[in-house]
1. Working only within region 1-50, note down all residues that are touching a strand residue (DSSP E or B) at 6+ places or on another chain (Cβ under 9 Å), crowded, with 18+ Cβ neighbours inside 10 Å and closer than 19 Å to residue 169 by Cβ.
2. Do any helices (runs of 4 or more DSSP H) lying entirely in region 94-203 carry at least 3 residues that are surrounded by 20 or more Cβ atoms within 10 Å (Cβ to Cβ), and which ones are they?
3. Could you tell me whether residue 174 is among the β-branched types (Val, Ile, Thr) and within 18 Å of the chain's Cα centre (by Cα)?
4. Output the residue which, of all residues in region 44-61 that are under 22 Å from residue 145 (Cα atoms) and of a type in the set (A, V, I, L, M, F, W, C), is modelled with the highest pLDDT.
5. When you go through (1) within 18 Å of residue 180 (Cα to Cα); (2) in a strand (DSSP E or B); (3) among the β-branched types (Val, Ile, Thr) one by one for residue 76, which number turns out not to apply?
6. Scan region 90-118 and report the pairs whose first residue is closer than 14 Å to residue 76 by Cα and whose second residue is of a type in the set (Phe, Trp, Tyr), with Cβ atoms within less than 6 Å and a gap of 6+ or a chain change.
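The values are calculated or read from the model by the stated rules, or taken from the named source; none is laboratory data. Predicted, not measured: the structure shown is a model, and the values here were computed from it. Note: ideal-geometry Cβ built from the backbone for every residue, glycine included; neighbour counts use all protein chains shown.
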Amino acid sequence: MTTSFTQAPAPTTLQGHGVRLVPLSLDHIPGLRIAAADGELWNLRVTSVPEPADTEAYVATALQGQADGHMLPFAVLAADTGAVLGTTRYHDILPAVARLEIGYTWYAQSVQRTQVNTACKLLLLQHAFDTLGAAVVGWRTDNFNLASQRAIERLGAKRDGAIRHHALRRDGTVRDTVMYSLLAGEWPEVRAHLLYKMAQHLP
C-alpha cells in the first residue's frame with residue numbers, strides 16, 4: 001500500500017520566528033546576489049551557492065524544477081525589513097510515497113549561526129508534515145560539508161548512510177553524498193525540540 005500527500009505541494013508563503021519564506025521569483029535575483037556576496041559564499045567548495053553572474057541561471061533552474069513538479073523553491077526574507085537572507089527549497093518531491101527533501105539552502109554569512117536556519121527548518125518541517133502530510137522528509141549533503149551535517153543532526157534527523165561517488169562538485173571532483181531523513185512519527189519530538197531552541201534563542 002502506497003501513501004501520498006494529503007495536500008499537493010504548491011507555492012506558498014511561510015512566516016514566523018522572524019523570517020518569511022516566499023515563493024522564489026526572478027525578482028529575488030538582486031537580493032540573492034547581495035546575500036551571496038556577504039561572505040563570498042560561491043567560493044565555498046562544498047556548497048551550491050551561485051557566483052554573481054550565475055544567479056539568474058540558478059533561479060531559472062529552480063523555477064524550471066518547480067514547473068516540472070519536483071522542486072518548490074523559496075527566498076528567505078527578514079520578516080521586519082524584507083531583505084533577502086538566502087534561499088532554500090523542497091526538492092526530489094515524490095508524491096507517490098509522500099516524500100520530499102529540504103536542500104539547496106544557503107544564507108548570507110552575517111545570519112549564519114543565528115536563529116535563521118532553525119526558524120526556516122521549523123517552518124518547512126511544519127508545512128511538510130502538518131499541512132502536506134509528508135511521510136518522510138530527507139536531506140543530503142557533501143561528505144566534506146561537516147557544518148551542514150552537524151546542522152542537520154542538530155535538527156534531530158537520522159543519518160541513513162552515504163552514496164559513494166555520487167555527484168560533481170563545482171571544481172570537477174566527485175563527492176560522496178550523505179543522506180539523512182526524518183519520519184512523520186519522529187516529528188512531534190523534533191518539533192518540541194526546535195520550539196525549545198527558538199524560545200531559548202539557540203541557533
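1. Across region 1-50, the qualifying residues are 36, 41, 47, 49.
2. Helices (runs of 4 or more DSSP H) meeting the threshold: 116-126, 146-155.
3. Considered against the rule, which asks whether it is among the β-branched types (Val, Ile, Thr) and within 18 Å of the chain's Cα centre (by Cα), residue 174 comes out as no.
4. Per the criteria, the residue is 49.
5. Of everything listed in (1) within 18 Å of residue 180 (Cα to Cα); (2) in a strand (DSSP E or B); (3) among the β-branched types (Val, Ile, Thr), residue 76 misses just condition (1).
6. 102/139; 116/107
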